[in-house]
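Notes follow the structure.
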Amino acid sequence: MEKNLAPSLRRRDVLLAIAGSTLFVPAFSGQASPRIPPERWVSAHGGDVEDFGLGWIGSGKLGGNAATGFRGHAVLQHPLRPESVLFLPRRPGKTALEIDLSTGAVLQRIDSEQDRHFFGHGCFSSDGSTLFTTEAEISAGLGRITVRDSRTYALLDEWSSFGIGPHDMAALPDGKTLVVANGGILTRPESGRKALNLPTMRSSLCYLDASSGMLIDEFFVDEPKASIRHLDVATDGTVAFAIQVQRGAAGHNRLVPLIGAHRPGSALELFSEPEAITLRLNDYVGSVAIANESGLAGYASPRGNIVVFFDLSSGTLAGYHQLRDVCGIAVSAAHRAFVISNSFGEMRELDWSTLRERREKRLRLPQIRWDNHLLITSAKHTAHKHTV
């Protein structure tokens, strides 16, 4: 991999830089570039209930905004209505919204069933007809996968997630299988984000039959206090996954690998080298994205103020990029780039092969606080009624 690293990103330089007590994080300077991407870059945003919403940039204007009144988490592009996205709430939210990016209008509201709440993620079936969301059965504390018609959002079925606290999920390229990250942590709406089962928590990566919900296989990491939370799937079926550690309950100070990959039929592979990278991630990786064309996966750590990139075929470090409170990461086909975002309104592009940043294309919207996840959609129209 050394020959593919940008000069500033060679492994020796990574280790030397990260071994120090701090990493230099370049400050954003200058005004936002007037360049607008041809696709839309979409994310939940906001710091409090008064400005929570869905924001996006692109399609000929510097953005659009739809007020939601609650904090969002992941955003999904609707496969049958390309102008629409599904805005999923941060747990333990009970309402999701379908929003038209061409107008900013809320088209439909999706409420969780009684004794259920959303976990902030979901995916559509390969033919676009079905929506799957990760949810909780509140009274029993069990993970559920809820199945809805993607046009009407009528409830079709509900399955076990075969774990507690299902968070991210995705459909595999075979069109027959779902992969679910069960975080293993029990929470309840009345106690907020407090973990209620730390002594017994057990995280898993589960594969389910997409037509029946039957468990196909499940995998576990060795560290019992490691919670698999986020994932992305490559075109060959490789699953890149990210971990968050409940350090206070771990009872030790050993480094725990936080990033890895899995190929169906094999064991989980954790990327533990170099140790300086694992240390810098500070027990927390918050988002994952795969660039299939380069074979690289990016893992964003807001606590570490860094995105690290690994070659999925070899499990070796390809490079890193520093940005304060970075979490959102997605892949732009139009720009052949990883795009990253943070809570200070910044967005940056990194070439998906060399990982060099295109500094002249930095964007900053100081009034926007981008949230955890970033979606990049194709844009067919240019009309936006609401600007950010």
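The values are calculated or read from the model by the stated rules, or taken from the named source; none is laboratory data. Source: prediction; values computed, not measured. For neighbour counting, all protein chains shown are included, and Cβ atoms are generated from backbone atoms with ideal geometry for every residue, glycine included. Please note that ligands, DNA and RNA were not included when accessible areas were found on the heavy atoms of the full protein model with its side chains. Shrake-Rupley method; radii C 1.70, N 1.55, O 1.52, S 1.80 Å.
Checking the conditions here, which among Pro257, Pro274 is of a type outside the set (Phe, Trp, Tyr), more than 14 Å from the chain's Cα centre (by Cα) and at pLDDT below 95? Write out each step before concluding.
Numbers: Pro257 fails: at pLDDT below 95.
Pro274 is the lone residue from the list that is of a type outside the set (Phe, Trp, Tyr), more than 14 Å from the chain's Cα centre (by Cα) and at pLDDT below 95.
Mind checking whether some residue in the range 374-384 is open to solvent by less than 50 Å² (accessible area, probe 1.4 Å), modelled with pLDDT of 95 or more and in a loop (DSSP other than H, G, I, E, B)?
Narrowing the range 374-384 to residues open to solvent by less than 50 Å² (accessible area, probe 1.4 Å): 374-377, 379, 384.
Now restrict to residues that are modelled with pLDDT of 95 or more: 374-376.
Then keep just the ones that are in a loop (DSSP other than H, G, I, E, B); that gives 374.
Within the range 374-384, one or more residues are open to solvent by less than 50 Å² (accessible area, probe 1.4 Å), modelled with pLDDT of 95 or more and in a loop (DSSP other than H, G, I, E, B).
Is there a residue in the range 197-217 that is touching a residue at least 12 places away in the same chain (Cβ under 8 Å), in a strand (DSSP E or B), touching a Cys at 6+ places or on another chain (Cβ under 7 Å) and open to solvent by 50 Å² or more (accessible area, probe 1.4 Å)?
Checked the range 197-217: at least one residue is touching a residue at least 12 places away in the same chain (Cβ under 8 Å), in a strand (DSSP E or B), touching a Cys at 6+ places or on another chain (Cβ under 7 Å) and open to solvent by 50 Å² or more (accessible area, probe 1.4 Å).
For Ala240, state whether it is at pLDDT 95 or above, among the aliphatic types (A, V, I, L, M) and touching an Asp or Glu at 6+ places or on another chain (Cβ under 7 Å).
yes
Could you check the range 83-114 and list, in sequence order, the residues that are open to solvent by 50 Å² or more (accessible area, probe 1.4 Å) and either in contact with a strand residue (DSSP E or B) (Cβ under 8 Å, 6 or more places away or on another chain) or within 13 Å of Thr133 (Cβ to Cβ) (or both)?
Answer for the range 83-114, where residues must be open to solvent by 50 Å² or more (accessible area, probe 1.4 Å) and either in contact with a strand residue (DSSP E or B) (Cβ under 8 Å, 6 or more places away or on another chain) or within 13 Å of Thr133 (Cβ to Cβ) (or both): Arg90, Pro92, Lys94, Val106, Leu107, Gln108, Arg109, Asp111, Glu113.
From the list Ser125, Ser102, Ser112, Ser139, which residue is over 20 Å from Ser160 (Cβ atoms) and either touching a helix residue (DSSP H, G or I) at 6+ places or on another chain (Cβ under 8 Å) or among the hydroxyl-bearing types (Ser, Thr, Tyr) (or both)?
Ser102
Tell me the residue from Leu231, Leu255 that is open to solvent by 20 Å² or more (accessible area, probe 1.4 Å) and of a type outside the set (D, E, K, R), please.
Step by step, each of Leu231, Leu255 is checked, and only Leu255 is open to solvent by 20 Å² or more (accessible area, probe 1.4 Å) and of a type outside the set (D, E, K, R).
Please work out if Pro79 is in contact (Cβ under 8 Å) with a residue 60 or more places away in the chain, assigned to a loop (DSSP other than H, G, I, E, B), open to solvent by 30 Å² or more (accessible area, probe 1.4 Å) and more than 16 Å from Ile145 (Cα to Cα).
yes
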